Amino acid sequence: MNLLPRILLLVGLACAGGFALARAEPSKPNVLLILADDLGYGDVRCYNNASKVPTPNLDRLAGEGMRFTDAHSPATVCTPSRYSLMTGRMAFRAPNGGMVFTGVGGPSLIEPGRLTLPAMLKQQGYATAAIGKWHVGLTVCDTEGRPIHNGSLEAVKRIDYSRRIEGGPLDHGFDRFFGTACCPTTDWLYAFIDGDRIPVPPVKPLDRSTLPKHPYANDCREGLIAPDFPMEEVDMVFLEKSRKFLAQHVRETPDRPFFLYHATQAVHLPSFAGKDFRGKSPAGPHGDFIHQFDWIVGELMRELEKHGLAENTIVLVSSDNGPEIAAVVHMRADHDHDGARPWRGIKRDSWEGGHRVPLIVRWPGRIKSGTTSDQLVCLTDVMATLASITGFALPRDAAEDSFDLLPVLEGKATTPVRPYLLTQAFAGAKTLSIRRGDWKYLDHRGSGGNRYDAGELKPFALTESDPEAPGQLYDLANDPGETTNRFSENPEIAKELRDLLEQSRNSGRSRP
Ligand SMILES: [Ca+2]
């Protein structure tokens, strides 16, 4: 070989090597994860053009990023769904993993020592903050130091506010936390937690006589309230805290990436929209609340832009489960609006309406604007995706149900990233379902959550098409509304899916 070609070859190899190194060096974008509570697929205009609620900010976000049409919450209720988002693992695999915490909640569903999404990002150099509703459990104590878990008003009265709160967000990877233990305006303890303390304790019974009265105002229990706790402006307080976090981050630690998890009160009942939003949507009080959530998303985006962060921040917006009974039943009747549309079932149910949720992801330069993905994805996947994006090698005993969506986000995935999807309904491990391709198998009879034989949902009950079958099998390609149970028609497919579910349950994981 002549000298010149050899030099060129060496230069070429060096360039290729340098390029490879540059490519291998993971970028560390900021992450803003916005989680709505009980926001339905059909509540958002870009998912349902018949939605009666204007959602211009979510629609704009979808236009600037990727909108997933087959995204799922891991569970059909708050606590297990949020556990799974924070750990990348199905909650039914954890002790008490089907439980929904009430009152003060707890103890933490997250096992001590388990790697969480925020802890992983913290290891990757991120500043981490959680603002809003936690609901994954924590531990408060009485004056004797005895733990208080769940319980109602009597439990709240026994709390010793001088003691540290154990097992909350600060003990699971967040540098900062400001929010509430459970549902902010539902669960007896109407007080803000700042870090690991409640600086302003609740001192008097909540006076519900001054609160709005409408079909969406239930779920507000007779708890104790702190003097600084504004029942109708909780989300405005959370927004202000997230704004302050971003401003402080830019001022004090601009060289570090951040992970901000903003979990709103909206749109969980009671639908107490803030004063600036009442009557602003044409779809009643719950419509106003959805509209307020949309506005909050817009404000957080504006805040990123103000600080010059919008270009290098991945923004994810989703919901922890489908829409609530009152919201669906009354909005269908009074406003011709259907938050569960086009699916069967709602919050708590195994049917799609319980867990098919909006998911919008914006990441300028990496995600093509205005794209749609029909990949089967789950909120457990956020952890493996951010591991991939930040160059973190997930250990085997973490994120067991999490799949890397980066190829999907970059438009490079040509095959499904998930072999199958698991979901759990209200009764946790007793009401699991599994989806592979177009087939979905429910390992139980009935909804898995709500009653349809009586009460408000009775008018929406469908006749069971395969009443003797022990489970349900639906072909979502031809029957997205899950109207016809094909269990007895296709026993071999039902068995395959049941076996796969059993195998996944026994192995403790779905990630290879
Ligand atoms: Ca929820």
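Derivation of every value follows stated rules applied to the coordinates shown; laboratory data play no part. Since this is a predicted model, take the numbers as computed values, not measurements. Backbone-built Cβ (ideal geometry, glycine too); neighbour counts: all protein chains shown.
Where the centroid of each part is defined by its Cα atoms, how far is the stretch 30-62 from the stretch 224-253 in Å?
If you average the Cα positions of each part, the centres end up 22 Å apart.
Report, in whole Å, the centroid distance computed from the Cα atoms of the stretch 302-333 and the stretch 73-128.
20 Å
Distance in nm between label sites at Ser488 and Glu410, each 7 Å beyond Cα in the beta-carbon direction?
5.0 nm
By count of other Cβ within 10 Å, fewest leading, how are Cys378, Cys220 ordered? Spell out each step's value before the answer.
Values: Cys378 28, Cys220 19.
Listing Cys378, Cys220 from fewest to most nearby Cβ atoms yields Cys220, Cys378.
Can you tell me the length gained on complete extension of the stretch Glu468 to Asp255, counting 0.36 nm per residue apart and subtracting the Cα distance?
Values: separation 213, 0.36 × 213 = 76.68 nm, distance 6.18 nm.
Result for the pair: 70.5 nm of gain on full extension.
Relative to the present Cα-Cα distance, how much length would full extension add between Asp194 and Lys495 at 0.36 nm per residue of separation? Working shown, then result.
Details: separation 301, 0.36 × 301 = 108.36 nm, distance 4.95 nm.
Contour length minus the Cα-Cα distance gives 103.4 nm.
As an exercise, use a Förster radius of 45 Å and the Cβ-Cβ distance of Gln248 and Glu154 to find the FRET efficiency, rounded to the nearest 0.05. Kindly include the intermediate steps, with their values, before the conclusion.
On the way: r = 39 Å, r/R0 = 0.86.
My answer for the efficiency is 0.70.
Pick out the long, greasy-scoring helices in the chain: whole DSSP H runs spanning 18 Å or more along their own axis by Cα, mean Kyte-Doolittle at least 1.0. Don't skip to the end; give the middle numbers.
Numbers: long enough: 3-24 (31 Å, 1.72); 234-252 (27 Å, -0.28); 284-306 (32 Å, -0.49); 491-507 (24 Å, -1.14).
Going by DSSP H runs, the hits are 3-24.
Compute the FRET efficiency between Arg208 and Lys275 as 1/(1 + (r/R0)^6), taking r as their Cβ-Cβ distance and R0 = 22 Å, and round to the nearest 0.05.
On the way: r = 18 Å, r/R0 = 0.81.
The pair Arg208/Lys275 has a calculated efficiency of 0.80.
How far is the Cα center of the stretch 163-189 from the Cα center of the stretch 369-445, in Å?
27 Å
Given the Cα-Cα distance of Asp438 and Arg302 and 0.36 nm per residue of separation, how much length would full extension add, in nm?
Working: separation 136, 0.36 × 136 = 48.96 nm, distance 3.89 nm.
Gain on stretching Asp438 to Arg302: 45.1 nm.
Rank by packing, highest mean first: peptides 85-94, 204-213, 422-431, with packing defined as the count of other Cβ atoms within 10 Å averaged across residues.
On the way: 85-94: 26.6, 204-213: 12.2, 422-431: 22.6.
The packing order, highest mean first, is 85-94, 422-431, 204-213.
Please rank Ile493, Ile110, Ile389, fewest neighbouring Cβ atoms within 10 Å first, as an exposure proxy. Can you show the working numbers first?
Values: Ile493 16, Ile110 25, Ile389 21.
Starting with the residue having the fewest Cβ neighbours, the order is Ile493, Ile389, Ile110.
Do you know the relative contact order of the chain, to the nearest whole percent, from alpha carbon pairs under 8 angstrom that are 6+ apart?
Values: 1191 pairs, mean separation 114.2, N = 512.
Relative contact order, the chain: 22 percent.
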